[in-house]
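Novice: Okay, here's the structure, questions in a sec.
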Amino acid sequence: AQKVTQAQTEISVVEKEDVTLDCVYETRDTTYYLFWYKQPPSGELVFLIRRNSFDEQNEISGRYSWNFQKSTSSFNFTITASQVVDSAVYFCALRIRNQGGKLIFGQGTELSVKP
Amino acid sequence: NAGVTQTPKFRILKIGQSMTLQCAQDMNHNYMYWYRQDPGMGLKLIYYSVGAGITDKGEVPNGYNVSRSTTEDFPLRLELAAPSQTSVYFCASSYDSFYGYTFGSGTRLTVV
């Protein structure tokens, strides 16, 4: 069975702190994609990153970075020098080829960045 | 491009009423999806479609129906609304089975 676990339900930090959001996934497929989405208070879902199962290179985009480790089935997301605008719910998701390529979402981590 | 358009944005239904949530995309995507998001929860798949005329059930299909007569449109029908269907509904589309989704802005539905 496929599953995504985000063990941290809520995280609260003070502005400028670094914060890491954890994501652990389960799948028997050898080909899959991993995603992170941001859901700000306005409610829309904003795509952040996609990673395929054959590319374990870490990625950095500004203050955001992602660490993909197949050995531990993890795809963690770090925000450096957090800002109040980073306050949102963050979802990790897994996509596999069968079942219409559906996205399997974790339960989300609500990040609150206080000034 | 409009992307994925969902209507309405908000709706209040009485128990037992029916309604259709509209979803349209203008990107010529074959894959389309309906998800629901309950408070504090992730998104759960209701129905999906891999092309016009083809639909299939997701994790939580009970109480819903879909159709896909064109590539562009993927309406979600609620029959006999129940309070358990109070949720935010997201429609999404995708070019193929591995690209990311484009999400609509969501429909907030309350059943009273």
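Novice: What are the pairs, 6+ residues apart or on separate chains, where a residue within the range A:52-72 that is within 16 Å of A:Tyr37 (Cα to Cα) has its Cβ under 6 Å from a residue that is polar (S, T, N, Q) and open to solvent by 50 Å² or more (accessible area, probe 1.4 Å)?
Specialist: So the pair list comes out as A:Arg63/A:Thr80; A:Asn67/A:Asn58.
Novice: Let me ask something additional. Can you tell me which residue within the range A:1-45, out of those that are aliphatic (A, V, I, L, M) and surrounded by 14 or more Cβ atoms within 10 Å (Cβ to Cβ), is nearest to B:Thr102 (Cα to Cα)?
Specialist: So, considering only residues that are aliphatic (A, V, I, L, M) and surrounded by 14 or more Cβ atoms within 10 Å (Cβ to Cβ), the one nearest to B:Thr102 (Cα to Cα) is A:Leu45.
Novice: Taking only the range B:33-43 into account, find how many residues are at the interface with chain A (Cβ under 9 Å from one of its Cβ atoms) and either at positive phi or hydrophobic (A, V, I, L, M, F, W, C) (or both).
Specialist: 3
Novice: Taking the residues in the range A:106-115 that are surrounded by 20 or more Cβ atoms within 10 Å (Cβ to Cβ) and either more than 14 Å from every other protein chain (Cβ to nearest Cβ) or in a strand (DSSP E or B) (or both) as candidates, determine which candidate is nearest to the chain's Cα centre (by Cα).
Specialist: My answer is A:Thr109.
Novice: Please list, ordered by residue number, the strands (runs of 3 or more DSSP E) wholly in the range B:1-82 having 1 or more residues that are over 26 Å from B:Val112 (Cβ atoms) and open to solvent by less than 70 Å² (accessible area, probe 1.4 Å). Before you say what the answer is, go through the steps one by one.
Specialist: Working: elements: B:4-7, B:10-13, B:19-25, B:31-37, B:43-51, B:54-57, B:64-66, B:76-78.
Qualifying strands (runs of 3 or more DSSP E): B:4-7, B:19-25, B:31-37, B:43-51, B:54-57.
Novice: Take the residues of the range A:56-105 that are part of a helix (DSSP H, G or I), open to solvent by 40 Å² or more (accessible area, probe 1.4 Å) and away from chain B (no Cβ under 14 Å): which is farthest from B:Arg36 (Cα to Cα)?
Specialist: Residue satisfying both the conditions and the ranking: A:Ser71.
The values are calculated or read from the model by the stated rules, or taken from the named source; none is laboratory data. Since this is a predicted model, take the numbers as computed values, not measurements. Cβ: placed from backbone, ideal geometry, glycine included. Neighbour counts: every protein chain shown. Ligands, DNA and RNA are excluded from the accessible area calculation, which covers all protein heavy atoms including side chains. Shrake-Rupley method; radii C 1.70, N 1.55, O 1.52, S 1.80 Å.
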